[in-house]
1. Averaged over its residues, how many other protein chain Cβ atoms are within 10 Å of peptide B:8-19's Cβ atoms?
2. Testing the spin-label approximation: label points 7 Å from Cα along Cα→Cβ at B:Asn185 and B:Glu284. State their distance in nm.
3. Assuming a ≥ b ≥ c are the square roots of the Cα gyration tensor eigenvalues, decide whether the stretch B:289-373 counts as rounded (a/c under 1.5), prolate (otherwise, with a/b larger than b/c) or oblate.
4. Straight-line reach from B:Lys234: which aspartates and glutamates fall under 18 Å, measuring Cα to Cα and dropping same-chain residues less than 8 apart?
5. Skip the ligands, DNA and RNA, and give the accessible area per residue of the stretch B:179-333 with a 1.4 Å probe, whole Å².
6. Considering only protein heavy atoms, with the full assembly of protein chains and a 1.4 angstrom probe, order B:Arg397, A:Arg220, A:Arg195 by accessible area, largest first.
7. Which percent, to the nearest 5, of DSSP beta bridges fully inside the protein assembly as shown are antiparallel?
8. If we count every other residue with Cβ under 15 angstrom of A:Gln237's Cβ, Lys/Arg +1 and Asp/Glu -1, where does the sum land?
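The values are calculated or read from the model by the stated rules, or taken from the named source; none is laboratory data. All values reported here derive from a predicted model rather than from experimental measurement. Cβ sites come from the backbone with ideal geometry, for glycine too, and all protein chains shown count toward neighbours. Quick note on the areas: whole protein, heavy atoms, side chains included, nothing else; ligands and nucleic acids left out. Shrake-Rupley method; radii C 1.70, N 1.55, O 1.52, S 1.80 Å.
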Amino acid sequence: MSEGLSIGFLELTGCSTCLENVLLHEKLSGILGGLGSVKYWPSHGYTEEPDSLDVLFVSGAVRSRGQVEKLKKLRDKTRVLVAYGTCSIYGGLIGLTALIDASSRSGEFLETVKTVPDIVEPDILVTGCPPTRDQLDELAGVIKDYLENGKPRGKVFIGNRNSLCRDCPRKPRDPYRFEMPSIKRDHELVEDDGRCFLEQGILCLGPVTSSGCGHLCILRGRPCMGCNGPARGVVDQGLNYISSIGSILLKSMERIRMFDYFAAEMDKLVDPMGYLYRYTLPKSLLTELALKKRGVGEK
Amino acid sequence: MIINPVPGIGEDARLVIGEEDGRVKSVRLEAVNKLFIEEVLRGRALELLPSITPVFCSSDSWSYTVASVMAVEDVLGRKPTIPALGLRRLGLLLEIIENHVRNNAFKTLPLLGVDVRGEALRILGYTIRIKELLSGRSINPIIYVPGGVSWRPDDKLIGEMADYARRLLEKITVHSKKLISNLKNNEFYNKLIKQEFNPTSYIGVIGRNGEPGIINGEIALLKPGGEVVKLELKDLLDKLSVSSEGLSYWVELSGDEPVRSGPLARLNIVHGYPSENASSIYEEILLIAGGKPVHNPFYTVLARIAESVYAAELVYESLSDTDWLSGSLVNPKESPGKTGYSVVDSGRGLIIHSYVVDGKLVVRDLSIYTPSHFNYAALRRDLSLLTGRVLGDETVRLAEALITLSDLCVSELTINPVVKGEG
Ligand code: SF4
Ligand code: SF4
């Protein structure tokens with residue numbers, strides 16, 4: 001089936017080395033026909049744009065008018081378009097550049113950071129920074145199906161969309177009766193006692209993040225930063241998170257001196273943008289609101 | 001003539017070649033994308049920078065993370081533990097291998113008519129696997145924290161990593177030998193390495209015994225005439241001057257020649273690679289070049305081969321005997337200050353972070369100097385040597401090869417020249 005396939009890699013604004021993992025994943029690479037099928041990958045020496053592509057992997061966020069044009073043009077030539085990595089779907093770390101208006105520096109930049117689905121319709125979406133081996137396993141199956149059975153049947157999201165907390169190895173014994181005793185900053189976690197990070201006062205984005213990554217960070221003593229994108233039902237990672245911790249922070253104290261303690265604790269969240277929107281800022285309600293205020297995108 | 005995408009860089013830059021009577025009048029590489037990342041990083045909580053700054057460059061994402069963790073440690077006044085130092089070094093060595101193999105095989109060598117992409121992918125398969133076992137993911141590592149490391153692999157995982165490291169070393173040794181002999185017989189390459197290039201300065205981190213220092217050593221500056229100057233990081237920052245043209249930025253050392261960093265710079269600065277296979281490749285390179293300093297950037301290809309073998313030998317060595325992994329993971333003792341600095345000599349070259357924070361440990365100002373900042377100035381001069389040549393395929397290929405040898409990442413080319421060595 002892989003015979004004669006033509007595949008391409010389009011790197012928008014992002015770091016993009018993770019695209020190499022596509023060819024390093026045995027099953028996926030086998031289905032695609034490996035290196036021999038690569039027809040377009042400018043950063044890796046394949047600069048000539050082909051007339052058509054069977055599969056195009058797109059990583060990165062969209063920041064410039066040139067990228068919008070390129071993406072649309074390649075979409076028209078491609079059978080299966082894969083939005084690859086959190087950056088392509090939610091902005092990822094590059095999404096933080098939505099904090100500045102790059103269009104005021106050069107007319108080439110858009111007024112804000114866009115994502116691949118904002119511009120064209122992808123057939124498959126894979127989150128992760130980078131997508132994991134297991135996610136690529138699943139992706140291989142879906143691509144195989146698409147290539148064998150003709151035209152894609154609409155969008156497919158790769159990976160488990162439940163929240164990380166649901167199957168977390170640190171999940172509190174009784175998730176309805178536990179308390180976050182305070183808010184600590186990330187570097188203040190020096191002696192991890194193995195309990196849920198929230199119980200240790202550490203901001204872990206597990207409650208609002210999808211678990212396709214297989215708890216990579218949590219298994220290595222690190223709280224979740226939200227890199228796999230929002231869990232099912234989460235509209236805005238930051239706002240949903242504040243509402244989740246609102247119900248567990250200082251529960252018992254709350255009855256005594258709620259305002260003094262609660263407000264002081266929330267003040268420790270010195271950088272909500274960095275802590276809560278590190279990977280999804282362009283798709284947040286905050287960005288939507290900010291753009292509305294600037295009159296961007298209004299007819 | 002405008003070339004976009006540019007080999008090795010992609011769509012983020014364009015190569016602009018001016019022409020007069022069929023000959024090259026001017027050659028410029030222009031950045032067309034820029035992250036304005038320093039502006040984004042101002043206002044961030046200090047402790048988050050190690051997870052955000054790798055966005056600069058995933059080819060060097062481990063190096064950016066470590067550089068950032070080290071600068072955060074400097075602000076907090078924390079000293080890293082022994083396991084942390086070992087695991088950082090291990091990650092960076094793996095990244096150096098990847099960087100060199102990727103650049104040679106996918107970026108530079110195809111322009112010279114040499115195709116080793118399949119073998120390169122197999123080598124990357126090993127490095128990426130070891131990195132995944134170490135940090136769960138191949139880019140943007142998560143385990144490095146200020147004062148230490150969040151986790152250590154158990155004996156079973158170490159065994160698995162050591163096995164991959166052994167296979168990596170075998171593969172890379174055979175690959176390197178084949179590649180060197182291939183290059184020796186490559187007419188085009190032999191022609192290129194005989195060309196004259198203007199002397200430049202070279203900068204890198206050198207270890208106690210004259211080996212590549214990576215995260216542990218002194219900054220050494222080799223002047224075109226052969227004089228070596230050791231520099232404190234803050235003195236270096238004071239000497240850097242920033243220039244820009246459109247969206248492109250670069251740094252120079254005040255009153256000096258352009259200064260290169262990265263593999264060619266280290267080839268010139270180090271006294272050798274103290275490991276068996278790499279040291280014989282090093283001797284062979286010097287024999288071909290007729291001694292040091294080597295100013296011809298096409299020797300970067302050979303420097304990358306020697307250094308990737310050296311790194312693979314060290315990776316295997318450090319995973320074969322892991323006594324260094326015992327002891328505390330994190331050292332929490334601290335005495336926070338207001339500024340922090342770090343330097344890492346990554347595969348691509350020198351990465352310097354300098355941060356200024358307020359009383360709440362929020363970043364108020366920062367500068368991040370990247371390898372591209374250094375190498376862009378030297379590249380500008382290399383490209384100017386093409387002026388007057390007949391504008392044909394070979395000239396375009398040469399220009400493209402000079403760019404891939406410099407290994408620029410142009411969206412990195414954005415710096416804030418405010419933060420210097422004070423503090
Ligand atoms: S908050 Fe984090 S540590 Fe706690 S259960 Fe959820 S994912 Fe696990
Ligand atoms: S635990 Fe969170 S930050 Fe870590 S890989 Fe998973 S989603 Fe990403």
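1. On the way: counts 5, 3, 11, 12, 7, 0, 0, 0, 0, 0, 0, 0.
Mean partner-chain Cβ count within 10 Å for B:8-19: 3.
2. Between B:Asn185 and B:Glu284, the simple spin-label model gives 1.4 nm.
3. On the way: a/c = 4.07, a/b = 1.38, b/c = 2.96.
In terms of gyration-tensor shape, oblate.
4. Correct list for B:Lys234: B:Glu73, B:Asp74, B:Glu218, B:Glu252, B:Asp256, B:Asp345, B:Asp365, B:Glu422.
5. Values: 6610 Å² over 155 residues.
Accessible surface, normalised per residue, equals 43 Å².
6. Working: B:Arg397 85, A:Arg220 30, A:Arg195 105 Å².
From most exposed to least exposed: A:Arg195, B:Arg397, A:Arg220.
7. Working: 51 of 74 bridges.
For the protein assembly as shown, the DSSP antiparallel bridge percentage is about 70.
8. On the way: positive: A:Arg161, A:Arg232, A:Arg278, A:Lys283; negative: A:Asp236, A:Asp271, A:Glu288.
Result for the neighbourhood of A:Gln237: +1.
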